[in-house]
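A short write-up of the structure that comes next.
The values are calculated or read from the model by the stated rules, or taken from the named source; none is laboratory data. Predicted, not measured: the structure shown is a model, and the values here were computed from it. Because the Cβ atoms are built from the backbone with ideal geometry, glycine has one as well, and the counts that use them run over all protein chains shown. Note: accessible area is taken over every heavy atom of the protein model, side chains too, but ligands, DNA and RNA are not part of it. Shrake-Rupley method; radii C 1.70, N 1.55, O 1.52, S 1.80 Å.
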Amino acid sequence: MELTDEQKKALKGRGYIVYKDGIHFSCRVLIQGGSMNAQEARKITEVSENYGRGYFTLTQRLNVEIPWIKYQDLETVARELKEAGLSAGSTGMRVRPALTCKGDVCQVSFFDTAEVTKQINEKFYTGKYDIALPNKFRVTISGCRNGCSKPQLGCIGLQGRKQGQIAITIGGMFSQKQHVGRELPGLYSISEALNIVDKAMEFYRENGLKGERFAKTVERIGFETVASFLTV
């Protein structure tokens with residue numbers, strides 16, 4: 001079966017990325033905060049053995065890709081993943097699942113990054129999955145100043161600076177050209193930080209040009225203008 005470009009685009013939006021051969025797909029599986037339990041790991045292994053070539057890979061953002069899946073097996077894979085509490089996705093022109101460090105078990109972290117990641121994914125990735133944005137929108141979280149997850153390269157980055165106090169950067173981008181985000185003035189509580197993420201997403205949706213990354217939107221409109229809107 002030969003798929004149209006629109007069909008391939010629609011499948012990519014659901015987490016299925018077509019290969020050059022036009023026959024096989026990789027299935028992107030969302031892993032909450034980069035941590036999976038034994039049951040989830042067994043299911044991913046089982047799916048890769050039954051519908052792929054017996055292996056899976058880890059993405060740079062701590063999700064999983066199961067390669068070499070045939071088109072006719074995609075719906076079955078989706079159903080089996082769902083039965084194990086997993087889902088295909090994390091692609092497309094929308095808020096992406098948050099990338100985080102292991103902060104909640106790290107001795108130098110200033111806040112529970114796993115819990116904040118869960119809240120962001122539930123509110124923005126799952127809760128607003130059908131809201132189209134100009135391009136992908138990435139939230140990156142680090143529990144301390146070390147910045148192991150490179151929050152300055154996220155569209156918006158949250159970085160622990162004091163106990164329960166978070167610094168926020170906006171306008172980062174890791175792509176063919178890199179942009180290092182600039183820091184908003186002051187420190188914020190977790191609830192304030194989540195509110196700023198919400199406002200940043202809405203600002204981007206309303207003001208970003210089609211295909212434009214958030215870093216480019218901030219650059220075009222001006223950091224001070226965007227920062228003023230987010231922190232008012």
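Before moving on, here are some points about what is shown:
- Counted residues, region 19-32 - those being open to solvent by less than 40 Å² (accessible area, probe 1.4 Å), within 26 Å of residue 134 (Cβ to Cβ) and not in a loop (DSSP other than H, G, I, E, B): 4
- Just one of the listed residues (225, 217) is farther than 22 Å from residue 102 by Cα, over 19 Å from the mean Cα position of the chain (by Cα), modelled with pLDDT of 95 or more and part of a helix (DSSP H, G or I), and it is 225.
- All positions within region 46-71 that are of a type outside the set (Phe, Trp, Tyr), open to solvent by 50 Å² or more (accessible area, probe 1.4 Å) and part of a helix (DSSP H, G or I): 46, 49, 50
- The set of residues from region 129-166 being surrounded by fewer than 21 Cβ atoms within 10 Å (Cβ to Cβ) and of a type in the set (Ser, Thr, Tyr) comprises just one member, 129.
- Flag if residue 117 is closer than 19 Å to residue 154 by Cα and either at pLDDT below 90 or assigned to a loop (DSSP other than H, G, I, E, B) (or both): no
- Residue in region 167-176 that is open to solvent by 40 Å² or more (accessible area, probe 1.4 Å), within 22 Å of residue 121 (Cα to Cα), assigned to a strand (DSSP E or B) and touching a strand residue (DSSP E or B) at 6+ places or on another chain (Cβ under 9 Å) present: no
- Single residue of region 34-45 satisfying the filter (farther than 21 Å from residue 76 by Cβ and of a type in the set (S, T, N, Q)) that is surrounded by the fewest Cβ atoms within 10 Å (Cβ to Cβ): 37
- When residues of region 197-212 are limited to those that are open to solvent by 30 Å² or more (accessible area, probe 1.4 Å) and touching a residue at least 40 places away in the same chain (Cβ under 8 Å), the one farthest from residue 181 (Cα to Cα): 210
- Flag if residue 126 is within 12 Å of the chain's Cα centre (by Cα), under 24 Å from residue 209 (Cα atoms) and surrounded by fewer than 17 Cβ atoms within 10 Å (Cβ to Cβ): yes
- Scanning region 177-192 for residues that are assigned to a helix (DSSP H, G or I), free of Cβ contacts under 8 Å to residues at least 60 places away in the same chain and not acidic (Asp, Glu) yields a single hit, 191.
- Condition check for residue 97: part of a loop (DSSP other than H, G, I, E, B), modelled with pLDDT of 95 or more and surrounded by 19 or more Cβ atoms within 10 Å (Cβ to Cβ): no
- Any hit, region 149-165, residues being free of Cβ contacts under 8 Å to residues at least 40 places away in the same chain and either of a type in the set (Lys, Arg) or closer than 30 Å to residue 48 by Cα (or both): yes
- Within region 1-18, restricting attention to residues that are part of a loop (DSSP other than H, G, I, E, B) and either touching a helix residue (DSSP H, G or I) at 6+ places or on another chain (Cβ under 7 Å) or in contact (Cβ under 8 Å) with a residue 12 or more places away in the chain (or both), the residue that is nearest to residue 51 (Cα to Cα) is 15.
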